[in-house]
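The values are calculated or read from the model by the stated rules, or taken from the named source; none is laboratory data. As the structure is a computational prediction, the values presented were derived from the model and not from experiment. Here the Cβ positions follow ideal geometry from the backbone for every residue, glycine too, while neighbour counts run over all protein chains shown. All accessible areas refer to the heavy atoms of the entire protein, side chains included, with ligands and DNA or RNA removed. Shrake-Rupley method; radii C 1.70, N 1.55, O 1.52, S 1.80 Å.
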Amino acid sequence: MVNGELVTVKLIFTEGEGRFVDCAARVLSVSRAASMPRDLLNIDVYHKGVFSPNPFVYVHPHKVPVMGLDVCNMDFKEFKTYLQKLINNRCRDMYYCLKNRSLVDGLRELRDEDDYVRFLDAGFDDDDNQISIYIDDYHEPLLDWIEEEKAEEWDSGTETYEDDVDSVLSDDLSVDHEADDEDIEWPEVVDPFLSQKNLIPEKGIEEEAGDKVKKHPIHDPNQKWDTMMPKLGMKFSDRDELKHMLTNYAVSKGYSLWYEKNEATTLLVRCSKNEKGKPSCPFRLWASPMNKENSFQIKSLIDKHNCARQQKLGCLVTYKWIGKMLIRDILERPKFSYRKMAEVVRKDYGLKVSLGQCRNAKQFALDEISGNLVSHYEKLWNYGAELLRVNPGSTVLIETNHTPDATHYFKRMYIFLKSIKDGWIEGCRRVIGVDGCFLKGICRGELLTAIGRDANNQMYPLAWAVVPVENKETWMWFIDLLLEDIEMGDGRGLTIISDQHKGLMEVVKERAPSCEHRNCARHIFANFKKKGFTGVEFRRLFWRAAKATTDSTFRSYMREIRTMSTEAYEHLIERYPNTWCRAFFEPESCCDAVENGISESFNAAIVEARKKPIITMLEEIRLYVMERMYKQKIKGHKWDMEICPSIRKRIEKMKEQQRYWDVIPSGEEEYEVKLAHEVYAVHLESKTCGCKAWQLSGIPCVHAIAAILYLNGNAEDYVAVWFKTSMFGSCYRYPIKPINGANMWPDVLCDPILPPRRRRMPGRPKVNRMKCPTENEGKHKINKTGMSISRCSNCHQEGHNKRRCPLLKEANKATVSEGDVEEGVSQDGISEDGVNEDGVSEDGIGEEEAVEEGDIEDHQEDEIEQQEDEIDHQVDEIDHQENHVEGYQEDHIEDHQEGVVQDEAHHIEVVQDEANHEEVVDHQEPDFDEVHHHQHQPVFFSAFCCEQKAITF
């Protein structure tokens, strides 16, 4: 009824829902326009809908009509507050549509006062005072969608514009984009596909037009898990993808979703249950396959919740979901325990899961990783071919184990890049540290590395190889390839530093007999402590002996060690001192390092890469070395000095120390430098010093610097050429070439490689690593590993205490067997108390003397038992006090009482020592040069030769 007349309106339903909404708005506006004043506005508010592109429409909105709103007396903030109260929701993004326009042409933003003024002008544009507002709850880029749709309509339009010159395709068109006057011809396209006139046939245009019917969002599986949420009309590739999204949504929000229907073609999801098993939350989701395409779609959705957050989500969180979320952690930590997995799930996802779920999840993740490992090993051939393609001249060797059924299992792989080789030959000293480290991830085996030293005394990675185990065979294979690549032959002029691996020592002796082989002094000292030679004094003497630069200094420290313990002295002599003491190193190497810490530094730098699959690990190592070489090159260009910074720092430190030395000139560039009783001869022309430190390191020692400064010379001029900045630049002159992605690697026609078979070691696998005695101690207690061995107070032998003394056990057995012997004299003519018929004891002591000695021993044993009872009483008091002491006070009281007990026990041992009348024999310590005969150490050399091959131990 309009102005008293009945108006009949015929509604025409079109394909576009947006057109129907506009048509309905216009029809309703006819019935409202008659009685509305000019200062009041009629607004149709559309909310809870979803904007969808292609075509641009507003799907499934809720409409709230507002009649006669006095908008002229409101500002923008008041108007927005009114709308939020009206729809009972936040108005995040607001838009309005111009009258008689579609959403594509008429949609405008409403976000500030200026937009509000334009909104009022559009509302009062005609007599009906009618306008529509749309609320976007999902913050979609609507204006970008509109621009794209307009651009597509322009491209697909059938109209031609004769005045548009750019739309005319011409083969002879020449365009000059340069700033100068040069004429550049348009390049001729030779690609047959790009040369076609009609790139898209008419049938394809129809198919594209049909694709524009798509109006619902598509789920992105790569989206962050805690941002996933269901939307009405959202499409999925299959039902499992939808269920995975729902699990992520439920875990992130804490919703207890459950499946009321879980079939192949239908999925009905509800939230929370009451005591009767009925849904207690209004949330409801219905999804089923689409008819015209192979997708799974959410057909109905009520996304309201009134439930509380839950930590147990029941069957929604499966072991597969847990395995997918923790697959990276399991990949890096294959020994990830089930309890720790449950703890991680509780902390990171707020869920409580069972150990059974964690066990199944870990197995599922390992199966997934194994499948990925197979693909990794299959691509090894392609990876090696790509490395050789971009870095010609490099060495990339892959070896496999063949089985009778023509299956190839990975055995080992070696990589040495050409640019690294060229830099080492031109700018590095002939010193290499070799070491092996375990792979920590799902890939098992070891990584062998060879590390050089640059001019700044920093690590220079040379080669790396993946092997199944570190033994003599693998080291021989690695050393043979390394010597061939660095062109060192039998090792003459080469210095190799390593740990005490027996297989490696034998390989170096066989394959590089002319090289100098050093053993890491840190490993020598660790084994030294394992033998029980601990203490500050042993530590001080060992390192002073290892860093001694002359024979006499080394001898003096070794004599002090022998004075403390002959066993310690013999142990160090058996370790070949010429391999770990500076006094016997070759001076031509210009390296005085006594430990292989530079290899350990590289192992620590790639510790994260060692947890990855094989190709990922090798790529991260290559990228690390490539980036490091580039940064070192840039850093070297910034140095405005002749020698490298670390060498200069070392010289500056010695300049402070040389002030205490007296310099006495002798001849031309010959000086005598002394301090108290220390005197050294310095020859500046030959660059030698009596302490041999200058010859070993290539850097002037404190005595040489004192002589140089005596002449007002520059100490940096006497540094070896290996430490010049020019040599540092030569190290990093050749960069490692980058490679393409895995999808562009060349295909190698070889049999695929499978992961190596796992080696089953005898016995039960050890979970915890065996720690070295020199490792860090605990927070509250010292590490007792490697300390002195316990000594028996009865027999004074090491390795057991009095309770487990074998002599006491034999005595107890003899006491038990006395019942079987007749009283009086035994068959041997000796009585039960050990006295024969003549009154003489078994050990030659008379009967009266034996009785007196027995009385003394009985008295002492009674005294010992009385003191042991006192100790037991004190231990009981300690136990009683421990029940009443808390916090750190308990530790202090316990330490005090234990000290009292130890003092009493020590007193008992002293008393027992007095009871045992053992004869003490003074042993004369042998002289240092005396010949010692041992099974594995025939002779200790007297001249301390420097060549290992000329020494027999």
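Between rounded, prolate and oblate, where does segment 104-146 land on the alpha carbon gyration tensor, with a ≥ b ≥ c its root eigenvalues, rounded for a/c under 1.5, else prolate if a/b exceeds b/c? Cα axes put segment 104-146 in the prolate bin.
Shown here for segment 675-759: GluC sites (Glu not before Pro) in loop regions (DSSP other than H, G, I, E, B) with at most 12 other Cβ atoms within 10 Å, namely Glu685.
Under 5 Å from the amide H of Gly49 lie the amide H atoms of His62, each residue being 5 or more positions distant or on a separate chain, with H modelled from the backbone and absent for Pro and chain starts. Note on segment 209-357: the alpha carbon radius of gyration divided by the globular reference 2.2 N^0.38 Å gives 1.13.
In a reduced charge model with +1 at each Lys and Arg Cβ and -1 at each Asp and Glu Cβ, segment 436-578 shows a dipole moment near 860 debye about its Cα centre.
Once Rh for segment 288-433 is found with the Kirkwood sum over Cα pairs, what is the Stokes-Einstein diffusion coefficient at 25 °C and 0.890 mPa s, in µm²/s? Result for D is 118 µm²/s. In a reduced charge model with +1 at each Lys and Arg Cβ and -1 at each Asp and Glu Cβ, segment 413-504 shows a dipole moment near 200 debye about its Cα centre.
Taking 7 Å steps out from each Cα toward its Cβ at Arg803 and Lys48 produces label points 7.8 nm apart.
Kirkwood's formula applied to the C-alpha pairs of segment 535-685 gives a hydrodynamic radius of 20.1 angstrom.
Taking Cβ atoms as reference points and 10 Å as the exclusive limit, the residues near Ala546 contribute a net charge of +3, counting Lys and Arg as +1 and Asp and Glu as -1. Which FRET efficiency value, to the nearest 0.05, is calculated for Ser337 and Asp125 with the Förster distance at 56 angstrom and r the Cβ-Cβ distance? Computed FRET efficiency for Ser337 and Asp125 comes out at 0.20.
Taking every pair of alpha-carbon atoms in segment 635-694, what share in percent sits in each 10 Å bin, from 0 to the bin with the longest distance? Using 10 Å bins, I get a P(r) of 19, 41, 27, 11, 2 for segment 635-694. Rolling a 1.4 angstrom probe over segment 403-458 with all protein chains present gives an accessible area of which 50% lies on carbon and sulfur atoms. For Ser237, the shell of other residues with beta-carbons less than 14 Å away shows a net charge of -2, using +1 for Lys and Arg and -1 for Asp and Glu. Overall form of segment 381-447: oblate. Here a/c, set by the Cα gyration tensor axes a ≥ b ≥ c, is 1.5 or more, and a/b is not larger than b/c. First measure r as the distance between the Cβ atoms of Ser295 and Asn222, then evaluate 1/(1 + (r/R0)^6) with R0 = 22 Å and state the FRET efficiency to the nearest 0.05. Once the sixth-power term is evaluated, E becomes 0.80. Computed over every Cα-Cα pair of segment 374-528 and binned at 5 Å starting from 0, the pair-distance distribution P(r) comes out as 2, 8, 16, 20, 20, 16, 10, 5, 2, 1, 0 percent.
Ranked by the mean number of other Cβ atoms within 10 Å of their residues, highest first, the peptides 517-525, 252-260 fall in the order 517-525, 252-260. Using a simple spin-label model with pseudo-atoms 7 Å out from Cα toward Cβ, Ala676 and Ser354 lie 7.6 nm apart.
Around the Cα centre of segment 494-651, unit charges on the Cβ atoms of Lys, Arg, Asp and Glu (plus for the first two, minus for the last two) sum to a dipole of about 500 debye.
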